[in-house]
1. After finding the eigenvalues of the alpha carbon gyration tensor for the range 342-426, what semi-axes result from the square roots of 5 times each, listed largest first in whole Å?
2. Can you give the three extents of the C-alpha atoms in the range 3-225 along their principal axes, from longest to shortest, in whole Å?
3. What does a probe at Leu63 reach in the range 1-19, counting residues whose amide N is under 16 Å from the point 7 Å along Cα→Cβ?
4. Which values, in whole Å and largest first, are the semi-axes of the equivalent ellipsoid of the range 1-44 obtained as the square root of 5 times each eigenvalue of the Cα gyration tensor?
5. Can you give me the relative contact order of the chain as a percent, contacts being Cα pairs under 8 Å and 6 or more apart?
6. May I ask you to derive the relative contact order of the range 242-545, considering only C-alpha pairs under 8 Å and at least 6 residues apart, and to give it as an integer percent?
7. Taking a cut-off of 16 Å between Cα atoms, list the lysines near Lys143, but don't count ones fewer than 8 places away on the same chain.
8. Would you mind pulling out the separation of the Cα centroids of the range 348-424 and the range 195-246, in Å?
Amino acid sequence: MGSEQRFDQLVDDAWEGMLEREPLVGTFVGDERYDDRLADPSEAGRAAEEAAMRRGLEQLAALDRSELDQGRQLTADIYETICRRSLARLDHRIDLLEVANHMNGAVALLGQIATLQRTDTPERVERLDARLRAFPTFLDASKDLLREGVSKGITAPRVIAERSLGQLDRLLELAPEESPVAVGAQGDARAAIARTVSEAVQPALTSFREVLVQDYLPATTETIGISALPGGEGMYAAEVLGWTSLPLDPQDVHALGVERLTAINEERMKLAAELGYPDPAAAIAAHRASGANTATTPEQLVALAEDQVQRSWDLAPTYFGRLPSANCEVRRVEEFREADEPMAFYYPPTDDGSRAGIYYINCYDLADRALHHVASVTYHEANPGHHFQLALQQEMPERPPLRRFGATLAAAAFAEGWGLYAERLADEMGLYLDGWERLGMLENQGLRAARLVTDSGIHALGWTREAAVATLEDSGQTHTDSVIEVDRYIGMPGQALCYMTGMIEIQRAREAEAARLGADFSLKTFHDRVLELGEVPLPSFRRIFGTS
């Protein structure tokens, strides 16, 4: 067997192992074989993950990558980055913080399953029933993590644990048949799932709540930065590298954020003047007072997003040579979790096409949702942003599943950078209908610059939550969105750095290509080349485009 064949077998085996250890990843991409089980957060599960990741690094080290073609070299980069990130998170025990996280912790898992797992056949209902009956064991191990975190002084900030508790209480207030995992089923299937929720899930959640309230909450920190924890500086460095794939210095990140935010605010001032106002705050205050900047119903907000998705899809062939096989759907964020979720997010389609790409728009607190922000959010999350990038990445069957579906575990900065790049591209495409939507785009660009400032401020420089919220509000965000966003940064150190970091790399590559090709430069060809790569770590992206 040659080097390339050995490598192909290696990554196929690695992907299979990932699905076995983290079954929800399979559900996410449409591989239903492990839909009857949950991950193992116990010491045994961590040991299995560590052994697999160390074995992966050893196998990669034994390869001569120069014998591989470029595609396989990129897959090797992705796999190595996944292994190193996973080992770093295990070494720093990030799981002790994540277990109480409202975005991706133990309680949030039920909502993720409800969103992803289908119940339209007896076999699927049976798998979901088995997965739900595994919840007591899963939550028992999660309770052990809560207690271990308390004993080691590694706990989430109180504000994060309280958000998780609020989410848990909202789930327990629901009747079993109204549980998120039951409402999508019909007839006997719904009744069967509700019975399992009553018999297994709710008692397990109640028991988890007791430990969360009695043992964990009293030990949570009033400080919000990860650097305040034992070993916190190393934790933050590992998370920054894990999210961005670059060893960024927090002081440099902070300075870059201030520089970018200043430049964007100058753009905002200029546009506000064009709209006839002395500054952006006055412009938005007048726009809001007119009533034109607020949706009166969730249906109105969803319809606005649907129109933007369709218009961007129709215009895309002018700027892209290859499009996804289908447009994405627009859905409202479910009410049980909308208070804790960002303004919007995207789920890619399944491999078999049974679930379309889904753009979720948040209708929580409509009175404080700014409609002029929605367009740039749509172009980031849907077209030509995440839907184009992720759907096209999956529609390359000649590539191994680890690269088509697993690359996001290694390269979040590429995906989020593309989404942010897409917001600016939408302006070039003429998708913003007026100066208000363009102002919203600049405010959302400012948000991503402010994220560099606030994430580093919170986790490395001792910032308060109030200072971080004020920074986002000064960048043009509403109070509701600012609070939700800051709490997201508190609970996910380093994630907020992905967006601007990734966009800067894509912009640098575009400038380099334009300079190299001159009159032969084609924006459509450049976009196709970037998206054909799929998600890759930023050092790999730099190597491909010669921008390192």
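1. One finds semi-axes of 26, 14, 11 Å for the range 342-426.
2. Over the range 3-225, Cα extents along the principal axes are 59, 47, 25 Å.
3. Under cut-off, by backbone N: 1-18.
4. Ellipsoid semi-axes (Å, largest first): 25, 13, 6.
5. 18
6. After rounding, I find 26 percent.
7. Within the straight-line cut-off, Lys143 pairs with Lys152.
8. The range 348-424 and the range 195-246 have Cα centres spaced 26 Å from each other.
Quick note: the coordinates plus some simple rules give every number you see, no bench work behind them. These figures come from a predicted structure and were not determined experimentally. Cβ sites come from the backbone with ideal geometry, for glycine too, and all protein chains shown count toward neighbours.
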